[in-house]
């Protein structure tokens, strides 16, 4: 079954659409998705991953944000894919800094091999135990850093596989993978989140924080800062530089 891209932000009564699993990293995008899913009437269960990343800031943020935005449950799932190395987010490899946005179309060294494929598979396992037919993930094909597992082709393929490989899907309960941010710019994401009451000061997006502060120079910081600027909304992020 093709992945469902749901751009609706029409509020619904809490819980009216059943249970949903939301992948929550603690960053700007995934937090916006949680707010969207909750506003649409889903009972949200959030999951974050302790995958061997070099800092814990995002995990701490995910727990706080899950509670703040009213999720029914939150889990941190340990899976050390970082043990394989190969990424600046998990290994002793320098994080690229100061890149022009025009250069952010290649696959950077911050790509973690198969990360979203692994994360979605585990989230799907959680969804089955909860009887949840809906998964939400904050992937984006517009303002992104060239990651292959953020493309609509991947999401559609995963949704098809999930419906073939799970009891839920085989029993005729069509599994839907919602990607409401897929075609949105970072500015549009910020605007949507602010409209839903998201406090972005609580989110963490930086790849290489300095004493708890965002570095201001990695791809993620650059895209985030530019998003607030283009949205005409003050950036609440505390940057080291």
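Laboratory data are not the source of any read-out in this text; all were calculated from the coordinates shown. Just so you know, these numbers come straight off a predicted model, no measurement behind them.
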Can you tell which of 164, 223, 126 shows the greatest fluctuation in a Gaussian network model of the chain with Cα springs below 10 Å?
164
Dimensions of segment 19-199 along principal axes (Cα, Å, largest first)?
47, 36, 29
With no solvent and one point on each alpha carbon, what is the Debye value of log10 I(q)/I(0) for segment 28-97 at q = 0.28, 0.29 Å⁻¹?
-1.19, -1.24
Sort all Cα-Cα distances of segment 114-241 into consecutive 10 angstrom bins from zero, then give the percent of pairs in each bin up to the one containing the longest distance.
12, 35, 31, 18, 4, 0
What fraction of the DSSP beta bridges in the chain is antiparallel, stated in percent and rounded to the nearest 5?
5 percent
For the chain, built as a Gaussian network whose Cα springs stay under 10 Å, the top-fluctuating residue of 96, 78, 152
78
Using alpha carbons only, how many degrees (0 to 90, rounded to 10) separate the axis of helix 186-195 from the longest principal axis of the chain?
60 degrees
Taking only Cα atoms, what is the 0 to 90° angle, nearest 10, from helix 57-68's long axis to the longest principal axis of the chain?
50 degrees
Structure-based [θ]222 nm, the chain - -39500 (n - 2.57) summed over DSSP H runs of at least 4, per residue, nearest 500:
-10500 deg cm²/dmol
So the angle from the long Cα axis of helix 28-39 to the longest Cα principal axis of the chain, reported in degrees to the nearest 10, equals 30 degrees
